[in-house]
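Below: the structure, in structure tokens.
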Amino acid sequence: MRPPDLERFSVADERVAPWVAAFAALALYLALPSFRFNHDGVACAIAVELADVKHLLHGNHLLYGVLGLTFHSFLNAIGVPLNALWSLQLMDSLLGAAGAGLFCRLLLRLKTPVWIAWLAAMGLTISHGWWLFSIDAQVYVLGAALLLPAWTEALEEKPRPYVLAFWNSLAVLGHVLNVFFFPAALYALWRSRESNALRRDMMRYCLASAVFVLGAYALAAEHGVRPAGAEELKLWLLGSAALGPGRSFLWYAPSSLGSGLADWARAGMRVVSPVMPVGAALWALAVLSKLSKNSAPRFAITTAWIAILSYLPMTLSYEPYSFDYRVTDLVGLWLLAALWLRGRRAASSPPNPWAVVFLFALAATNMAGAMRTHQRPEANRQYQKALWYKGTLPQNAWVASVGLEEVYVPYFAHLRPLSLRYFDGRPTALRERIEALARRGEPVFAASDSLSPKWIAHLDGLGLQYVDRFEEFEIYLIRSYWNGKPKGRR
């Protein structure tokens with residue numbers, strides 16, 4: 001006779017469904033890995049392999065790099081032969097899958113029928129932004145996954161302020177953008193308490209959050225980053241906002257409110273699907289959930305909308321065209337869609353066939369519109385070029401690099417990059433640097449796609465010697481002191 005627990009095992013069981021959602025998501029992510037290899041992910045992998053804790057403690061996402069180093073070290077300790085980049089991508093897949101399971105659990109705690117909870121969790125799994133950042137080494141899914149227990153606590157009948165503060169603070173350490181969840185957290189405390197208890201618990205939440213986050217940053221600064229002074233501390237805390245000339249403050253604001261709103265709306269749809277009507281359909285369901293008068297819990301709908309709109313001051317004013325910062329929207333959107341469906345269907349009703357059709361359409365459009373390209377290594381031309389460099393150029397070569405090449409050249413080609421951005425507007429300094437390398441017998445190469453008219457003007461007087469070609473890329477030697485074609489690594 002089988003144990004009672006096994007007798008009751010069913011994917012429709014509320015205790016089983018979150019695990020099924022998590023393992024289904026993980027199976028998808030592991031079966032279809034990404035070869036997109038974004039700049040930040042490769043840069044983080046370099047820091048992980050160097051165990052460079054100072055650069056892993058990024059001011060905008062304190063936790064990701066250190067967690068990646070820990071995970072990579074663990075894999076190496078148990079004999080899993082992955083480089084740091086693939087370790088980070090595996091970690092993100094686990095985080096994305098865990099997020100799907102936690103989201104399914106959240107919906108079940110709101111008394112959502114199992115089939116709705118499971119379908120909504122799968123919708124989150126295959127949404128463009130969540131899917132992409134669960135298979136590509138990037139920071140965004142960590143903060144979003146850590147925020148899910150905060151969502152769950154906020155939607156309890158009487159949220160506990162310290163638990164809410166703990167998970168919200170962890171999500172902020174995952175990405176600082178998640179500080180904008182606090183209005184939803186405060187609403188959760190407000191709607192569940194009388195005035196005296198409300199003031200006390202709001203203070204508890206705010207104080208605990210501040211102590212947790214500021215304490216973590218203080219420890220990181222003191223024991224990891226160790227800034228030399230106030231200016232270096234400021235640059236560390238600014239993070240990606242200090243990427244202007246000379247690491248000056250730079251805010252990528254829209255040119256006008258109208259263009260910003262248009263970009264914000266497009267990014268909101270693209271985080272769901274690159275096919276805009278599909279993304280718009282999910283937003284329409286979210287709006288319907290607010291307008292409909294059904295049995296869905298109104299406090300949950302209000303919490304979700306507060307959470308989505310609270311991020312608006314940031315996502316509208318900084319890179320509104322980017323869906324990177326909109327991944328957290330997906331939890332609110334799928335929660336609202338699930339609640340709308342729940343309010344229209346009895347708990348015992350069979351799955352809505354149109355919901356299933358929508359999921360298939362979402363999966364198909366996201367695969368065809370984006371994910372299939374990311375899963376083909378030959379589609380990443382910069383990656384293929386770096387592999388060609390590795391097998392062709394001499395080991396003492398330098399490669400004049402812009403953009404992705406700045407991290408691809410050292411990580412994939414195992415050569416040294418000459419980062420041209422540091423010489424922007426400084427042609428004399430660039431020529432002197434190349435001439436100094438020439439005197440040491442270290443050749444500098446450049447690919448045709450890196451040699452824009454601006455950089456060709458910077459190289460005036462040095463000359464470009466054609467040496468080889470890799471598919472659509474012509475390869476040049478800067479300054480013709482090195483004779484002949486490269487004959488392979490030596």
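Any read-out appearing in this document is the output of simple, stated calculations on the displayed coordinates, not a laboratory observation. Remember, it's a predicted structure, so these values are computed and weren't measured experimentally. A quick note on method: Cβ atoms are made from the backbone with ideal geometry, for glycine too, and the neighbour counts reach across all protein chains shown.
At-a-glance table
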item: Over the range 90-137, equivalent-ellipsoid semi-axes from the Cα gyration tensor in Å; result: 22, 10, 6
item: Order of Met269, Met202 under a 10 Å beta carbon neighbour criterion, fewest first; result: Met202, Met269
item: 10 Å Cβ shell holding at most 12 others, DSSP loop, GluC sites (Glu not before Pro): longest site-free stretch of the chain; result: 195-470
item: Sparsely packed chymotrypsin sites (Phe, Trp or Tyr not before Pro) within the range 274-336, loop by DSSP, other Cβ within 10 Å at most 16; result: Tyr321
item: Farthest toward positive dipole pole in the chain [+1 Lys/Arg, -1 Asp/Glu at C-beta], among Leu214, Phe103, Ala296; result: Ala296
item: Segment Thr70-Ser292, length gained on full extension (0.36 nm per residue, minus Cα span); result: 75.2 nm
item: Proxy reagent accessibility, fewest Cβ within 10 Å first, across His55, His223; result: His223, His55
item: Selection from Ala457, Phe445, Leu430, by position along the positive dipole direction of the range 381-478 (Cβ); result: Leu430
item: Furthest towards positive pole of dipole, Gly143, Thr315, Asn352, structure part the range 11-374, Cβ charges; result: Asn352
item: Spatial separation of Cα centroids for the range 346-421 and the range 120-191, in angstrom; result: 26 Å
item: Label corresponding to Cα extents along the principal axes in Å when calculated from the structure given, among (i) 65, 55, 50; (ii) 93, 82, 39; (iii) 78, 53, 51; result: (iii)
item: Cleavage-rule hits (trypsin sites (Lys or Arg not before Pro)) in the range 247-318: DSSP loop, at most 13 neighbouring Cβ within 10 angstrom; result: Lys293
item: Pairs of Lys in the chain closer than 28 Å at Cα, counting only those 8 or more apart or on different chains; result: 13
item: Degrees separating the helix 257-270 axis from the principal Cα axis of the chain, which is the longest one; result: 80 degrees
item: Neighbour net charge for Phe71 - beta-carbon separation under 14 angstrom, K R +1, D E -1; result: -2
item: Magnitude of the charge dipole, the chain, Cβ model with Lys/Arg +1 and Asp/Glu -1, debye to 20; result: 540 debye
item: Residue exposure sequence - Val357, Val467, Val444, Val271 - by fewest surrounding Cβ within 10 Å; result: Val357, Val467, Val444, Val271
item: Calculated [θ] (222 nm, deg cm²/dmol) that DSSP helices of n ≥ 4 give over the chain, each run adding -39,500 (n - 2.57); result: -18500 deg cm²/dmol
item: Loop-located trypsin sites (Lys or Arg not before Pro) in the range 403-471, at most 13 other Cβ atoms within 10 Å (DSSP); result: Arg440
item: Backbone N under 20 Å from the Asn396 label point (7 Å along Cα→Cβ), restricted to the range 450-472; result: 465, 467
